[in-house]
Structures are given as structure tokens and as C-alpha cells.
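S.K.: Before we start, here is the structure in question, set down as C-alpha cells.
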Amino acid sequence: MIKGFKEFILRGNVIDLAVAVVIGGAFTAIVNAVVTSIINPLVALFYQADESGQFGPTLTGIYGQEVTFPLGTLLSAVISFFAVAAVVYFVFVYPMNRIKERAAARAGVSEAADEPQLPTEQELLVQIRDLLEKSGPAART
């Protein structure tokens, strides 16, 4: 059981995943700071924040109380998500894909060369016919 756990931990995928989680957590702090310091003030130009710091449209309820829909929080979360996704794609995924493509081109290996060419259905039927002809009429009955 310990040996299996050791093999699981030492796999490259587990280490890569751990690094990704740590980097993602650190990057989230940067994105949150950008949203708090730049995006929220831009949105606040259109919506006035209430005393709790939330901004969004304010409506009066049926009992006379004012209710603020905190759209700023939702907008911040959506912008954070797209900012993280864009940075991950353009900084990590896209360059790594380009590096892999260039390495494969230098090595002269294409994706099509990795997959063996299988015979078509017609070729298989011709081979079966030829084998049956070779075996003679005794094998057919």
C-alpha cells in the first residue's frame, strides 16, 4: 500500500497539478487586486456604492426598506474568472502548445505519423476473399 502511494505521489501529473494549484492561488490574489483597484471603481462610476461598500441598483421593498442588488460582486467574480482564464491560456497554454509544435516539427514527427494506418474495409474483404480462394473448395463447405 505504501509503495502504491509513493508511485502515485511521484508521478509527474500529481506534481504538475500541485504546482498549478499553488500558482493559481497566487495569481488569484493578483486578479482580485486588479478587480478591486481598477474594475470596481470603473463600475462605481455608474452605480453608487451603499454604506456596506456594495454597488448595484437599489430598489425600495414593499415594506419601505431599500434593497441593493450587489451586481458589483457578481461583475467582479465574472471579470476575475475571465481574467484568470485569459492569462492562463495566453501565458501558459498557448506558448506551451507552440513549443510542443515546434519540437515536433524539429524532430520530424507529425501527429499523423504516430497513428498506424489501418486497412480499409474493402482491403480487408479482399484479403478474406484471397485467403478463402487459397484454402480451396473443401474449406468453404
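The values are calculated or read from the model by the stated rules, or taken from the named source; none is laboratory data. Everything numeric here is computed off the predicted structure, so don't read it as measured data. Note that we place each Cβ from the backbone using ideal geometry, even for glycine, and neighbour counts take in every protein chain shown.
S.K.: Going by the structure shown, is Val84 hydrophobic (A, V, I, L, M, F, W, C), in a helix (DSSP H, G or I), surrounded by 11 or more Cβ atoms within 10 Å (Cβ to Cβ) and at pLDDT below 80?
M.R.: Judged against the criteria, Val84 is a match.
S.K.: Also: Within the set of pairs 6+ apart or on separate chains, which have a first residue in segment 130-141 that is surrounded by 10 or more Cβ atoms within 10 Å (Cβ to Cβ) and modelled with pLDDT under 75, a second that is among the acidic types (Asp, Glu) and not in a helix (DSSP H, G or I), and C-beta atoms under 9 Å apart?
M.R.: none
S.K.: What single numbered condition from (1) part of a loop (DSSP other than H, G, I, E, B); (2) at pLDDT below 75; (3) surrounded by 10 or more Cβ atoms within 10 Å (Cβ to Cβ) fails to hold for Ser76?
M.R.: (1)
S.K.: Condition first: among the acidic types (Asp, Glu), modelled with pLDDT under 75 and surrounded by 10 or more Cβ atoms within 10 Å (Cβ to Cβ). Can you find one or more residues in segment 51-59 that meet it?
M.R.: Looking for residues that are among the acidic types (Asp, Glu), modelled with pLDDT under 75 and surrounded by 10 or more Cβ atoms within 10 Å (Cβ to Cβ), one finds none in segment 51-59, hence no.
S.K.: Does segment 89-108 include one or more residues that are charged (D, E, K, R), at pLDDT 75 or above and loosely packed, with under 10 Cβ neighbours inside 10 Å?
M.R.: Looking for residues that are charged (D, E, K, R), at pLDDT 75 or above and loosely packed, with under 10 Cβ neighbours inside 10 Å, one finds at least one in segment 89-108, hence yes.
S.K.: Report, by residue number, each residue of segment 76-104 that is under 21 Å from Val22 (Cα atoms), free of Cβ contacts under 8 Å to residues at least 24 places away in the same chain and not hydrophobic (A, V, I, L, M, F, W, C).
M.R.: Selection gives Tyr89, Tyr94, Pro95.
S.K.: Within segment 23-41, restricting attention to residues that are surrounded by 10 or more Cβ atoms within 10 Å (Cβ to Cβ) and aliphatic (A, V, I, L, M), which residue is modelled with the highest pLDDT?
M.R.: Ile23
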